[in-house]
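So the structure is just underneath, and the comments pick up after that.
Nothing in this text is a laboratory measurement; each read-out follows from the coordinates by a stated rule. Given the structure is predicted, the values throughout are model-derived calculations rather than measurements. We place every Cβ from the backbone using ideal geometry, glycine too, and count neighbours over all the protein chains shown.
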Amino acid sequence: MATPASGPVLETRGLTKRFGGTLAVNGVSFQVQRGEILGFLGPNGAGKTTTLRMATGTLRPSAGEVRVAGLDVSAAPLETRRRIGYLPENAPLYDDMQVLDFLRLAAALREVPARGRRAAISAMVSRCGLAEVLGKDIRQLSKGYRQRVGLAQAMIHDPDLLILDEPTSGLDPNQIAEIRTLIRELGREKTVILSTHILPEVQATCDRIVIIADGRLVADDTPAALAARGSGPVVRLVVRAQAGPPPGLDELRARLSAVPGVAAVLPADGEGEGSLGMRVQAAQGADPRPGLFAAVVAAGLVLLDLHRESATLEDTFRRLTLGADESEGGRHA
Amino acid sequence: MRKVAVLARRELRAYFDSPVAYIVLVVFLLLSGWLVFSTLFLLGEADLRQLFTPGLLSPALLLVILAPAITMRLVAEERKSGSLELLCSLPVSDWQVVLGKFLGALGLATVALALTLAYPLTVTWLGPLDWGGVLAGYLGLLLFSAALLAIGLACSALTSNQIVAFIAAFGISAVLYFVYWLQFFLPEWLAPAADYLALSGHLDNLARGVIDLRDVTYYLTLTAGALLLSERALARQHA
Ligand SMILES: Nc1ncnc2c1ncn2[C@@H]1O[C@H](COP(=O)(O)OP(=O)(O)OP(=O)(O)O)[C@@H](O)[C@H]1O
Ligand SMILES: [Mg+2]
């Protein structure tokens, strides 16, 4: 579909959504340029789905605006929806329909011209690998096939912008790899927004990453820049108590945070029973290792390991979002 | 308009892919057949008016039960499964969604009514028949069904629970149906309002073969009002 304006494909300004007392999305502004794959990251409940719903026009913002190809979504809802292909979280499709019938329905409702419908459907079938399941009820499909049908309905009208809400959640590693390849192929010619909390996924697929936490935009940068972002070297340390149960996490974090030259302290995996791991981000140019050693000794703990590592995207993600979500336990690198 | 037809066809198809359509058709055909032919056997004369006249045992009362069963899933099920979000992200307006779903349900009701045409056809074969009266009766039942289905759709659009949608729609429809016979117990100043609002009174007129514009207008107004409410309920989804 041709786009008259040459500006960003999607632009949000001060996007805000309030559900009763809770502020789900709070003044989020970002842009997506033509041809980009944008990773939309954030912990559970950060407001990713709510933001994407507002972008697709299925939810009205409490404040702020969304523009798709320069058009205001609230002023021209049908026109902007024509330009978007949306796959909602968990791919809610019509379970009682057969795959082929569902694709026909999607093609008709997404205004694929009657003459081109057959070709559009067969293009989607080969692209998303749906040939074996065409006659099956959607209810019977595995999660991977379900997501593929969801992708097919989202792309069938060749939209300017694809918005995919956690397209790989709940899939096994093989299926994740397949969907990721599919998305990367798509990204060569399309603009894609992809929400996820799987970090390797965005690192592997996305040109740019937007991170939101607690409804607020906390970062908007390339994966490489984000990994390096603002953090000096990372020090990994593992401690255990002289005897008995492992030391208190919060107490240790507080002690380590007080060391000069420490920017952030994040919980990480320990080394077996009774031990506790930490990743400590140093301030730019600082080396907090002597101070950390002293702090551990002062706490009466045994230091099992203390060494420098290079910063990862995950460090940045966790540092930026941990204030909002303490629930994530160990490190899964 | 083409999208309304696409949506209506999908709903109608969904009915026939599940037992709903067959249960509705069989139950409706059997009961209405029994009503017509029991008089034929007992009295030796067929009274087709039985088919259209509202009462305590009539096809119309059956529709009061069947219509909410037809409509309860229309929006509630989609809201629960989440597919409503996908539907709302397509380039279709809320009005197109409402009309598509309404016409899909009306399609099923129309099939049920059309199948009962077998009865008047049987009767003409046995003897003379007042086709004008029959057509007025069918018009009445169709308008009556449309109003019931629109009420059911509005109830379905207001909840994500199909059972709640059914009970609400059945409750409202039953009150509007039975109030016709209860008007004599109501205070004098309220009785005319009840008489006018009753779903059954207007059908009674049409069943007698009289097509009065007031009765037609009543059903169309009720239907339009309920559809408007459905559209508002759907728009609230975006809020
Ligand atoms: N319809 C709603 N009514 C009330 N609160 C809501 C509604 N939708 C979302 N919320 C709240 O808004 C916040 C953001 O939710 P959202 O679903 O956007 O998060 P998310 O980033 O998509 O999370 P996840 O990773 O778990 O999918 C949450 O606190 C959620 O409880
Ligand atoms: Mg979400």
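Remarks
- Chain B: DSSP helices with Cα axial extent of at least 30 Å and average Kyte-Doolittle hydropathy no lower than 0.0: B:19-43, B:94-115, B:131-157, B:213-236
- Scoring A:253-262, A:25-34 by mean Cβ neighbours within 10 Å over their residues and listing the highest first yields A:25-34, A:253-262.
- When only alpha carbons of region A:68-211 are considered, Rg and Dmax amount to 14.9, 42 Å.
- Taking A:Thr12, B:Thr53 and counting other C-beta atoms within 10 Å, the order from fewest to most: B:Thr53, A:Thr12
- Working note: Karplus 6.51/-1.76/1.60 with θ = phi - 60° gives region A:285-300 the couplings x, 9, 10, x, 4, x, x, 5, 4, 4, 5, 5, 5, 4, 7, x Hz, where Gly and Pro are set to x.
- For chain B, the equivalent ellipsoid built from the Cα gyration tensor has semi-axes of 32, 21, 15 Å, listed from largest to smallest.
- Here region B:2-237 is treated with +1 on each Lys and Arg Cβ and -1 on each Asp and Glu Cβ, and its dipole about the Cα centre works out to around 740 debye.
- By the compact-protein rule of thumb, 2.2 N^0.38 Å, the alpha-carbon radius of gyration of the protein assembly as shown corresponds to a ratio of 1.28.
- Each residue of region A:37-42 was assigned a 3J(HN,Hα) from its phi angle through the Karplus expression (A = 6.51, B = -1.76, C = 1.60, θ = phi - 60°), giving 10, 9, x, 10, 10, x Hz with x at Gly and Pro.
- The value obtained for region B:121-217, namely the Cα convex hull volume divided by the number of residues, is 135 Å³ per residue.
- By the beta-carbon count within 10 Å of each Cβ, the least crowded to most crowded order of A:Arg127, A:Arg319, fewest first, is A:Arg127, A:Arg319.
- Projecting the Cα atoms of B:Leu90, B:Thr110, B:Thr39 onto the charge dipole of chain B (Cβ charges, centred on the Cα centre) puts B:Leu90 farthest toward the positive pole.
- Mean per-residue shielding of peptide B:76-86 is 5, counting Cβ atoms of other chains within 10 Å of each Cβ.
- Applying 0.36 nm per residue to the separation of A:Leu23 and A:Lys136 and subtracting their alpha-carbon distance, the gain on full extension is 36.5 nm.
- Cα-centre dipole for region A:21-162 with unit charges at Cβ (Lys and Arg positive, Asp and Glu negative), debye to 20: 220 debye
- Non-local Lys pairs in the protein assembly as shown, i.e. 8 or more apart or on different chains, that have alpha carbons under 19 Å apart: 4
- Dividing the summed helix terms, -39500 (n - 2.57) for each DSSP H run of n ≥ 4, by the number of residues in the protein assembly as shown produces a 222 nm estimate of -16500 deg cm²/dmol to the nearest 500.
- Per residue, the convex hull spanned by the Cα atoms of chain A amounts to 154 cubic angstrom.
- Note that region A:252-264 has calculated 3J(HN,Hα) couplings of 5, 4, 4, 5, 5, 5, 6, 5, x, x, 8, 8, 7 Hz, one per residue in order, obtained from phi through the Karplus relation 6.51 cos²θ - 1.76 cosθ + 1.60 (θ = phi - 60°); glycine and proline are x.
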